[in-house]
Amino acid sequence: MAETARYIDNVIDDGASWYAVRLFTIRQEEVRNFFTEHGLECFVPEQYVDVEGCDGKPHSVLRPVVRNLVFVKQSVEDKAFQKIVQETDYKISVLKKSKESREYALIPHEQMYEFRLMCNPEVTMRKFLSSEEARMKAGDEVLVKFGPLKGMSGRLVRSSKKYYLLKEVPGIGVMLKVSRWCCVPMEEK
């Protein structure tokens, strides 16, 4: 339980928006370090995976959920961020508002804050989806009124006869198991 508290303590709601950076390289950790060296905070959703250790026993290790995304906090102006992106030796692109637009798509801080909370690797009843899979899920916008997810919002969707709270950000979606009785439609909040 102490590890969960530590993860939650690291997720700070400071009001900053986030960029979604798509990678065209397998060097995700190096790209994350590049942005960190430039003073930018990064986030990569991770989950525990069992791998066989050198002693032949399984060990739980944190691994990224997706290899082609890094979320970067907007702590500098767009022009300065664009200059940092151009300095990199890695093939990357920042998600734009639309295909025709040159403006970067920013993920609002409330949405990213909840997404980061939902990505807690200690939570076991969680599923990650691609953007396309998340868009295909039918569900109503709800607010969780009770339980450990109290205060979070998202879409209430069904999967394998269970209810999940779905939160989407550009490039990825996450679903956390929730009781539908804890949720109220957004209009009634």
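The values are calculated or read from the model by the stated rules, or taken from the named source; none is laboratory data. The structure displayed is predicted, hence computed values, not measured ones. Cβ atoms come from the backbone with ideal geometry, glycine included; neighbour counts cover every protein chain shown. To get the accessible areas, we keep the full protein, side chains included, count just its heavy atoms, and leave off ligands, DNA and RNA. Shrake-Rupley method; radii C 1.70, N 1.55, O 1.52, S 1.80 Å.
Apply 1/(1 + (r/R0)^6) to the Cβ-Cβ distance of Ile12 and Thr36, taking R0 = 22 Å, and write down the FRET efficiency to the nearest 0.05. Before the final figure, lay out each step's value.
Numbers: r = 16 Å, r/R0 = 0.72.
Calculated value: 0.90.
Express the carbon and sulfur contribution to the solvent-accessible surface of segment 51-128 as a percent, rounded to the nearest whole number, probe 1.4 angstrom.
Numbers: 2380 of 4910 Å².
It is 48 percent, rounded to a whole number.
If you roll a 1.4 Å probe over the heavy atoms of the protein chains, what accessible area per residue do you get for the chain, in Å²?
Each residue of the chain exposes 61 Å² on average to a 1.4 Å probe.
With just the Cα atoms defining each centre, how far is segment 80-135 from segment 39-56? Give it in Å.
Measuring centre to centre over Cα atoms gives 19 Å.
Compute the FRET efficiency between Lys96 and His59 as 1/(1 + (r/R0)^6), taking r as their Cβ-Cβ distance and R0 = 41 Å, and round to the nearest 0.05. Spell out each step's value before the answer.
Numbers: r = 40 Å, r/R0 = 0.98.
With R0 = 41 Å, the Cβ-Cβ based efficiency is 0.55.
Using a Förster radius of 25 Å, what is the FRET efficiency between Lys79 and Arg22 based on their Cβ-Cβ separation? Nearest 0.05, please.
Once rounded, the FRET efficiency stands at 0.80.
How would you rank 56-68, 140-152, highest first, on the average number of other Cβ atoms within 10 Å across their residues? Write down the numbers at each step before the final one.
Details: 56-68: 12.2, 140-152: 15.3.
Those peptides, ordered most packed to least, come out 140-152, 56-68.
Give me the extension gain from Lys161 to Glu133: residue separation times 0.36 nm, minus the current Cα-Cα distance, reported in nm with one decimal.
8.4 nm
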